[in-house]
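Taking it in order: structure first as C-alpha cells, then the write-up.
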Amino acid sequence: MWGGRFEGGPAAVMREINASLPFDKRMWRQDVAGSLAHAAMLGAQGIIADEDAAAINRGLREVAADYERDGVPDDLALEDIHMLTEARLAEKIGPAAGRLHTARSRNDQVATDFRLWVRDAIDETLAAIARLRAALLARAEEHAASVMPGFTHLQSAQPVTLGHHLMAYHEMAGRDASRLRDARARMNLCPLGSAALAGTGFPIDRHATAAALGFDGPTRNSLDSVSDRDFALDYLQAAAQCALHLSRLAEEFVLWASQPFGFVSLSDQWSTGSSIMPQKRNPDAAELVRGHAGRIVGACTSLMITMKGLPLAYSKDMQDDKPPVFEAHDLLALSLAAMTGMVESATFRTERMREVAESGFSTATDLADWLVREAGVPFREAHHVTGRAVAAAERAGVKLHELPMAELQAIDARIGEGVYEVLSVDASVRSRRSYGGTAPDQVRARIAEAREQQS
Ligand code: ARG
C-alpha cells in the first residue's frame, strides 16, 4: 500500500508486531459499512465517477459476503482489516478499488470503525443489563416480604427483606445502564473525513457520511478526531463499574451459598462439583464473575495507560486500543449472562435467612426506637438501656423478645408490654416505611415504579 517509497520489505517480526488484523478483523462489518458510506459520498460529491462508486459498492458487498461465509483470513502481509478489505476489493473490481481511499486515511477510518463497534457493544450491553434487571425485579417481587438479616461490617445489623436487598442491585444496574447511555450519546459523532489529521482538500460532505452511519453529526476537530479514544475509555469505565457491581453480587452469592450462611442454593446449571470431594457444590460461576471484574478493570487501566502520554495526533500505540475493549466486552457479556442465570434460578433459603435474622439481637434498634416513641426517652439514653437489655439476653442465652417483662422492667421501668410487638423481625421490617426503606410496602412500591419505567 505504501511500496513507492521503499526498496525492501519489512522484517518478519516487523510484520508481526505491526499487524492488527488478528484482532481488528472483528470490526469487518463496521469497516465495510464505513467504506460504503464513504464511497457513496465520494460519488455524490463528484469526487469519483458514479460508475466507480457503483463498482466499489458492489465489490464491498461481495467482500462482505465472503467474510460472512468463510470468515476473515489472517493475512499478516496485510496489516489490518482496512488494508485487507481494500485488497479484496481490488481482486473483485480491479483499479476502481484504488479510488476508495480518496480523501480518507486509515486514521479516520479506524476511529470511525471503532466508534461504530463500541456503539454496537453498548447496545448489546444495555440489552444484557435489562435482562439482569428484569430477573432481579422478578425475584425481588417474589421476596418483597421475606425477612433476611441486614449487615454492616458483615455483623447482624437490622432485619431487611430479600426483595429490598435484590432491589439494591437493581438500582446499581440501572446506574450502569445510564452511564452507558451517556457514553453512547457522547460518542455519537463521526470522525470520518478528518483524514490523516488535518482534514482534506477534497469537497467531501461529512454530514452525509455521519448521517449514513447513524451518527448525530461529524466531529468538530480533525486532530482530536483521529487522536481521541475517550469513547472507548467511557465504555471501559462504564463496563468496569458494572463489573464491580456484578462482582459484589457474585461475592454475596458465594458467601450465601457457603454452609455457615446457607442462604441460597444455586441451581445445578450454575454449580460445579469437585473431582475428589463428592459432597461439593461449588459456586464457580459466581467466583468467575468476581474474578472477571478484575480483568475488566485491568482492561480499562491498560487503555488509560496507553493513552496517557501520547502527543497529537495518531500514534501506532493506539492500535493497542482494541484488545482490551474486546476482552472487556466479552467478559462483561459472559458475566451479565451468568449473573442473570444465577439470579433467575437460585433457590433462596428464606427459613434460614429468618433464623439468622432473629439471632444477633437485630431488633435492638427497634427497642430503642420504642422507648423514644412511647416513653419519650432521649435516643442516646434509650440506646444505653437497650444495650443493657441485649447484655441481659446474651447472659441468659435468649433472644431479645424472649426476655420476661419483669427482667426488662428491672433494667428500665419505662419499658411496657407493647414493646413485644416491635421486637419481632416482621414488625421491625414492617415499621421501616420511610421512603426507600425495607418495609414490604415500600419495596413493592419501588418495584411497581420500576415496572412502570420499564414499560
Ligand atoms: N491498524 C491501525 C490501527 O488499528 C490502523 C491505522 C494505521 N494508521 C497509521 N497511520 N499507520 O490503529
In the set ASP108, ASP113, the lone residue that is in contact with a Pro (Cβ under 8 Å, 6 or more places away or on another chain), within 16 Å of the ligand (Cβ to nearest atom) and not β-branched (Val, Ile, Thr) is ASP108
What's the total number of residues in the stretch 427-441 that are modelled with pLDDT under 95 and open to solvent by 40 Å² or more (accessible area, probe 1.4 Å)? 1
Would the stretch 270-288 turn up any residue that is outside any loop (DSSP other than H, G, I, E, B), farther than 25 Å from ASP120 by Cβ and of a type in the set (Asp, Glu)? yes
Identify the single condition in (1) within 30 Å of ASN188 (Cα to Cα); (2) not in a helix (DSSP H, G or I) that PHE261 does not satisfy, given that it satisfies every other one. (1)
Report those helices (runs of 4 or more DSSP H) wholly inside the stretch 155-237 carrying at least 3 residues which are under 30 Å from THR363 (Cβ atoms) and assigned by the TED database to the domain that holds GLY294. 162-187
Is it true that some residue in the stretch 17-31 is over 22 Å from PHE114 (Cα atoms), in a helix (DSSP H, G or I) and either open to solvent by less than 40 Å² (accessible area, probe 1.4 Å) or away from the ligand (no atom under 16 Å from the Cβ) (or both)? no
Among (1) touching a residue at least 24 places away in the same chain (Cβ under 8 Å); (2) outside any helix (DSSP H, G or I); (3) more than 23 Å from ALA195 (Cα to Cα), where does ILE47 come up short? (3)
Is there any pair with a first residue in the stretch 82-102 that is under 17 Å from THR112 (Cα atoms) and acidic (Asp, Glu) and a second that is assigned to a helix (DSSP H, G or I) and open to solvent by less than 40 Å² (accessible area, probe 1.4 Å) whose Cβ atoms are under 7 Å apart and which are 6 or more apart or on different chains, and what are they? GLU86/ALA97
Please determine, by comparing only the residues of the stretch 188-205 that are away from the ligand (no atom under 16 Å from the Cβ) and surrounded by fewer than 22 Cβ atoms within 10 Å (Cβ to Cβ), which one is farthest from HIS101 (Cα to Cα). ASN188
Every residue in the stretch 135-194 that is at pLDDT below 95 and either of a type in the set (Ser, Thr, Tyr) or touching a His at 6+ places or on another chain (Cβ under 8 Å) (or both), please. SER156
Does at least one position in the stretch 89-102 carry a residue that is within 16 Å of the ligand (Cβ to nearest atom), more than 33 Å from the chain's Cα centre (by Cα) and either aliphatic (A, V, I, L, M) or outside any loop (DSSP other than H, G, I, E, B) (or both)? yes
List pairs: first residue in the stretch 16-44 and over 19 Å from ARG69 (Cβ atoms), second residue basic (Lys, Arg) and away from the ligand (no atom under 16 Å from the Cβ) anywhere in the structure, Cβ distance under 8 angstrom, at least six positions apart or on different chains. LEU42/ARG99
Quick check on the stretch 56-106: of everything there that is closer than 23 Å to GLN319 by Cα and polar (S, T, N, Q), which residue is least open to solvent (accessible area, probe 1.4 Å)? THR85
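The values are calculated or read from the model by the stated rules, or taken from the named source; none is laboratory data. Please read all numbers here as calculations on a predicted model, not as lab measurements. Reconstructed Cβ throughout: ideal geometry from the backbone, glycine too, with neighbour counts over all protein chains shown. All accessible areas refer to the heavy atoms of the entire protein, side chains included, with ligands and DNA or RNA removed. Shrake-Rupley method; radii C 1.70, N 1.55, O 1.52, S 1.80 Å.
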